[in-house]
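Asks: Structure below; questions to follow.
Any read-out appearing in this document is the output of simple, stated calculations on the displayed coordinates, not a laboratory observation. On a predicted model such as this, the values are computed, not experimentally measured, just so you know. When we count neighbours, we look across all protein chains shown, and the Cβ atoms used for this are built from the backbone with ideal geometry, even at glycine.
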Ligand code: CO
């Protein structure tokens, strides 16, 4: 089952600047924001907590990152919405049973959490991510 909005992600060309900007908007101290590298996804990531959910800021690490292509096409902006699940596998099964396509399989994202992206062509051109638990 989908339990909440885990995060809303924004693609940015300059993570350090974006951390400053969003910290200023949310009223938190930029130096408390932790930046993580996720080499498999080709991104540097920062999460800023807000109202029980998070804003995820995504900066590409290299030219082959999917975020690089997104920025070339669209510039900085909204990238995806992530829904938390109590079981990512059963939610994957549920949505694909309904005919929805996924982008690849369940894999590990930031913080070691299981993640899965749904194909935006099947979801009104909004990229949606499902998140699961951290592996024990
Ligand atoms: Co995300």
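Asks: Return the calculated 222 nm mean residue ellipticity for the chain, to the nearest 500 deg cm²/dmol, obtained by summing -39500 (n - 2.57) across DSSP H runs with n ≥ 4 and dividing by the residue count. Spell out each step's value before the answer.
Replies: Working: 3 runs with 31 residues, N = 136.
After summing the helix terms and dividing by the residues of the chain, the value is -7000 deg cm²/dmol.
Asks: By its C-alpha gyration tensor, with a ≥ b ≥ c as the square roots of the eigenvalues, how is region 32-136 shaped: rounded for a/c under 1.5, else prolate for a/b larger than b/c, else oblate? Mind dumping the intermediate values first?
Replies: Values: a/c = 1.64, a/b = 1.21, b/c = 1.35.
Oblate, because a/c is 1.5 or more while a/b does not exceed b/c.
Asks: Could you please rank 100, 78, placing first whichever residue has the fewest other Cβ atoms within 10 Å of its Cβ? Mind dumping the intermediate values first?
Replies: On the way: 100 15, 78 12.
Final ranking by Cβ density, sparse to dense: 78, 100.
Asks: Between residue 35 and residue 86, what FRET efficiency follows from the Cβ-Cβ distance if R0 is 30 Å, with the result rounded to 0.05?
Replies: On the way: r = 28 Å, r/R0 = 0.95.
Working from the Cβ atoms, E equals 0.60.
Asks: Another one. Helix 88-97 versus the longest principal axis of the chain: what angle, 0 to 90°, nearest 10, using Cα atoms?
Replies: It works out to around 60 degrees.
Asks: For 4, 65, 23, what's the fewest-to-most ordering of other Cβ within 10 Å of each Cβ?
Replies: Details: 4 12, 65 20, 23 17.
The fewest-first ordering by Cβ neighbours comes to 4, 23, 65.
Asks: Okay, moving on. With each pseudo-label sitting 7 Å past Cα toward Cβ, what's the residue 63-residue 4 distance in nm, one decimal?
Replies: Simple spin-label model gives 4.1 nm for this pair.
Asks: Which percentage, to the nearest 5, of the DSSP beta bridges contained in the chain is antiparallel? Walk me through the intermediate numbers first.
Replies: On the way: 28 of 36 bridges.
Antiparallel: roughly 80 percent of the beta bridges in the chain.
Asks: By how many nm would the segment from residue 134 to residue 108 lengthen if fully extended, with 0.36 nm per residue of separation less the alpha-carbon distance?
Replies: Values: separation 26, 0.36 × 26 = 9.36 nm, distance 0.85 nm.
That pair, residue 134 and residue 108, stretches by 8.5 nm at full extension.
Asks: Tell me the relative contact order for the chain as a rounded percent, counting alpha carbon contacts under 8 Å between residues six or more apart. It would help to have the intermediate numbers written out before the result.
Replies: On the way: 269 pairs, mean separation 36.2, N = 136.
Relative contact order of the chain: 27 percent.
Asks: Exposure proxy check: 79, 119, 7 ranked by fewest other beta carbons within 10 Å?
Replies: On the way: 79 21, 119 13, 7 24.
Going from least to most buried by this count: 119, 79, 7.
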